[in-house]
Amino acid sequence: MPWEAWSKTLADTRGYIRGTVRSRRAGTSFDFAVVEAATREVVGCAGLNFVMKDRVHSRASIGYWIRSDRTGRGYATEATVLLLVFAFGSLGLERVEIRVAPRNARSLRIPEKLGVRYEGTARASERVRGRFLDHRVYALTAGDFRRLWPRWKRWLSHGASSRG
Ligand SMILES: CC(C)(COP(=O)(O)OP(=O)(O)OC[C@H]1O[C@@H](n2cnc3c(N)ncnc32)[C@H](O)[C@@H]1OP(=O)(O)O)[C@@H](O)C(=O)NCCC(=O)NCCS
């Protein structure tokens, strides 16, 4: 993936996993494997990153990716809802962002179909292949989550993604 261009070997992957363990201990990122129920295979990753929880801040940002041969099955959307439950429930955060490059149509669909509010464009937000890209910023507050959760809960209990 363009933003993980450094990661090519098994050693890189091990290093990445060790990094996620360190971040989890530090409370700055919580990364999860997305496992397909039918096959028990790891088909992607989803995480709560840039977690800031102190006297002043109470926020984080969501990131996700799904193996290219398993996209279009609702896995990223389901993982996003579960991360939001973790963020607002277990961590008690006040705000969670989903930032997406404007040309990433598939990823944009995720906050849009969940009804997450679009707040605006953060310019020059991330460097990818040597160029700074803008991000569309979608965000929920804890109050938004409480309002949207009943709808998502029904969706999850009706099977959510196809689950392979
Ligand atoms: C973006 C990404 C996470 C989506 O994962 P996913 O599990 O396919 O997502 P979902 O199935 O939950 O839904 C995403 C939307 O994209 C559409 N989509 C997914 N794969 C598609 C494909 N191959 N062709 C066309 N549309 C596709 C889905 O139909 C869905 O829209 P809809 O509900 O209106 O039909 C995945 O494509 C990916 O990992 N991309 C590369 C990494 C990336 O861009 N991460 C996000 C950074 S912000």
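Readers should treat all values here as calculations from the given coordinates under stated rules, not as data from a laboratory. Worth saying up front: this structure is predicted, and the values here are computed from it rather than measured. Heads up, the Cβs are rebuilt from the backbone with ideal geometry, glycines too, and the neighbour counts pull from every protein chain shown.
Table for the structure above
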read-out	value
Per-residue ³J(HN,Hα) for the stretch 41-48, Karplus 6.51 cos²θ - 1.76 cosθ + 1.60, θ = phi - 60°, Hz, x for Gly and Pro	8, 6, 10, x, 9, 8, x, 9
Partners for LYS113 among lysines (Cα-Cα distance below 27 Å; same-chain residues under 8 apart left out)	LYS153
Estimated dipole of the stretch 10-157 in Debye, rounded to 20 [Cβ of Lys and Arg +1, of Asp and Glu -1, Cα centre]	80 debye
Spatial separation of Cα centroids for the stretch 1-74 and the stretch 108-163, in angstrom	16 Å
Extension gain (nm, one decimal) between VAL35 and THR13, 0.36 nm per residue minus Cα-Cα	6.2 nm
In nm, spacing of pseudo-spin labels at THR71 and ARG123 (7 Å Cα→C-beta vector)	2.9 nm
GNM top mover of VAL96, VAL56, VAL42 - the chain, alpha-carbon springs below 10 Å	VAL56
FRET efficiency for ALA26 and HIS158, using Cβ-Cβ distance with R0 set to 45 Å, rounded to 0.05	0.75
Sorted largest first, extent of the stretch 112-164 alpha carbons per principal axis (Å)	43, 32, 14
The chain: calculated mean residue ellipticity at 222 nm from DSSP helix runs of at least 4, using -39500 (n - 2.57)	-10500 deg cm²/dmol
Neighbour-count order for THR77, THR121, fewest beta carbons within 10 angstrom listed first	THR121, THR77
Excluding exposed DSSP-loop trypsin sites (Lys or Arg not before Pro) (at most 11 other C-beta within 10 Å), longest clean stretch of the chain	56-102
5 angstrom amide H check on GLU41, placed H, neighbours 5+ away	GLU36
Under-5 Å amide H pairs with ALA101, H placed in peptide plane, nonlocal only	ARG136
